[in-house]
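The structure under discussion appears below in the form of structure tokens.
No value in this document is a laboratory result; all are computed from the given coordinates. Every value quoted in this text rests on a predicted model; they were computed, and no experiment measured them. As a convention, Cβ positions derive from the backbone with ideal geometry for all residues, glycine included, and neighbour counts pool all protein chains shown.
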Amino acid sequence: MSNFLYQKKLYISIITEIELLSYKNITAKEKQQIKEFIGELLIVNINDEVKFRTIEVKKHSNIKLPDSIIAATAITLQLAFVTSDKQFKTLKDLNLIYYEK
């Protein structure tokens, strides 16, 4: 996976940023490491296009709202979506790169 991602522009949804920084039991060091990692990525905010795509994802799947927003962000921007979460396999418009842990 690291070879695949090497020297590519990497994006995350603002939802992912929020999720990463809101873990209850992370240490100050871990929080700093997460912030440094996020600092290397392009963070995508929610706009109207992502909002409307999220509505469509939610209407046609059982995926929770935060994950629907994340997937809708990737679909809207036509980005590859890298995950080990099987639930995303159900989204036909998602350019999914699934890997097993």
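Of note:
- Computed magnitude of the charge dipole of segment 2-98 (debye, nearest 20; Cβ of K, R +1, Cβ of D, E -1): 200
- Coil-residue trypsin sites (Lys or Arg not before Pro) of segment 1-92, DSSP, other Cβ within 10 Å capped at 13: K8, K9, K24, K64, K92
- Listed by chain and number, the lysines whose alpha-carbon sits under 18 Å from that of K9, ignoring those within fewer than 8 places in the same chain, are K35.
- Relative counts (whole %) of C-alpha pair distances in segment 1-93, using bins that are 5 Å wide: 2, 12, 22, 22, 20, 14, 7, 1
- Long pairs among K51/K101; K29/K89; K8/K92; K24/K101, criterion Cα-Cα beyond 32 Å: K29/K89
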